[in-house]
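The values are calculated or read from the model by the stated rules, or taken from the named source; none is laboratory data. The shown structure was predicted, so the numbers you read here are calculated from the model rather than taken from an experiment. For neighbour counting, all protein chains shown are included, and Cβ atoms are generated from backbone atoms with ideal geometry for every residue, glycine included. Calculation scope for accessible area: heavy atoms of the full protein, side chains included, ligands and nucleic acids excluded. Shrake-Rupley method; radii C 1.70, N 1.55, O 1.52, S 1.80 Å.
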Amino acid sequence: MSATRAYLFAHPAKHSLSPAMHNAALHALGIDARYEAREVSPKILGSALEGLRTSGAWGANLSIPHKEHALEWLDHVDDAARAIGAVNTVVVRDAALHGFNTDGLGFMRSLEQAGLMSVAGLEVLLLGAGGAARGVGYALRAAGARVAIWNRTYARAVQLAAELELEAVSDANLQSKVRAAQLLVNTTAVGLEDTRSSPLPDGLLPDDGWVCDIVYRPLETKLLRDAAQAGLQTIDGLGMLVHQGALALEKWLGAQGIAGKPDASVMRAAALERLGKA
Ligand code: ATR
């Protein structure tokens, strides 16, 4: 049995697609190592991270609910992760813990893969102001998009907009902002395991352009179904998951001096199979 070199620390961890995705990529590269999901509660996050230092592990991915809390345990946090306020990838180098955030860049890669090559100057509307919106909003702004945020709880949109230097959208302005959006991104939990709910009121969609949902269970959410029916271009949420994973694996391999680049299409196929839709 190959040694486990990379982990997912999450709570809950058992429904994660990451082990299937990473193990498929490692296998395709011919690298003798495994990725394993560990059930880690907030109480034991510190000891789980400490344990990485001397275990021979390459590092770990962090998911709900650890991304924000992990920062205090790390020796170094890169600038983007610090600005986002969340770490999803820990790399062990010389027994030191380095934190990164590959969610934002993973999201940008998923846009490119779908054919949206540049967001510079694009009018973007983000729905939601939670943890996921932070990484996405940061990356879009860094790439030159004009980003506005609407959230059910307006005060959270105002807070995040102030932190990331974006625009907050009130309920009164939602309709005009949606219609004018060239890219609309759902980062809320609405539509998760629910095929009948959309974060947008019935009948309201952008006039033209792209609609992306970072929810990937189901792969085609009501928002994406409505958008496709209206003739808009759609981007599903599996792309962000796959590319944040590929970027994390790239970092671990790079730190180890192991040659090879993870194949995102192999990772997507494995994730799809795990989702039961291969
Ligand atoms: P995550 O880290 O996944 O982004 P989160 O920080 O709990 O999770 O944020 C969830 C987001 O989904 C928030 O923007 C939340 O809106 P509120 O700030 O108003 O809570 C949004 N959300 C969750 N359920 C929602 C619903 N039924 N309608 C609209 N927005 C919802």
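Name the residues in the stretch 210-246 that are open to solvent by 30 Å² or more (accessible area, probe 1.4 Å) and part of a helix (DSSP H, G or I), would you?
Lys222, Arg225, Asp226, Ala228, Gln229
More than 16 Å from the ligand (Cβ to nearest atom) and surrounded by 14 or more Cβ atoms within 10 Å (Cβ to Cβ): is that true of Ala70 in this structure?
No, not satisfied.
Select from the stretch 76-87 the residues that are under 16 Å from the mean Cα position of the chain (by Cα) and in a loop (DSSP other than H, G, I, E, B) and write down the one among them that is farthest from Leu45 (Cα to Cα).
Gly85
Of all residues in the stretch 84-132, count the ones that are small (Gly, Ala, Ser), in contact with an Asp or Glu (Cβ under 9 Å, 6 or more places away or on another chain) and open to solvent by less than 10 Å² (accessible area, probe 1.4 Å).
The total comes to 3.
For the stretch 112-203, which fully contained strands (runs of 3 or more DSSP E) count at least 3 residues that are in contact (Cβ under 8 Å) with a residue 24 or more places away in the chain?
So the answer is 123-127, 146-150, 183-186.
With the condition kept exactly as written, say whether any residue in the stretch 78-90 is away from the ligand (no atom under 16 Å from the Cβ), within 30 Å of Lys14 (Cβ to Cβ) and among the charged types (D, E, K, R).
yes
Tally time: how many residues in the stretch 22-75 are outside any helix (DSSP H, G or I) and on the phi < 0 side of the Ramachandran plot?
Counting residues in the stretch 22-75 that are outside any helix (DSSP H, G or I) and on the phi < 0 side of the Ramachandran plot gives 27.
Residues in the stretch 172-193 that are open to solvent by 50 Å² or more (accessible area, probe 1.4 Å) and more than 14 Å from Ala129 (Cα to Cα): how many?
10
Out of Ala148, Ala142, report the one residue that is more than 15 Å from the ligand (Cβ to nearest atom), under 21 Å from the mean Cα position of the chain (by Cα) and not assigned by TED's automatic domain parsing to the domain that holds Pro65.
Result of the check over Ala148, Ala142: Ala142.
Does His11 qualify as being at pLDDT 95 or above, in contact with a Gly (Cβ under 8 Å, 6 or more places away or on another chain) and either among the small types (Gly, Ala, Ser) or closer than 20 Å to Asn101 by Cβ (or both)?
When the stated conditions are applied, His11 does not pass them.
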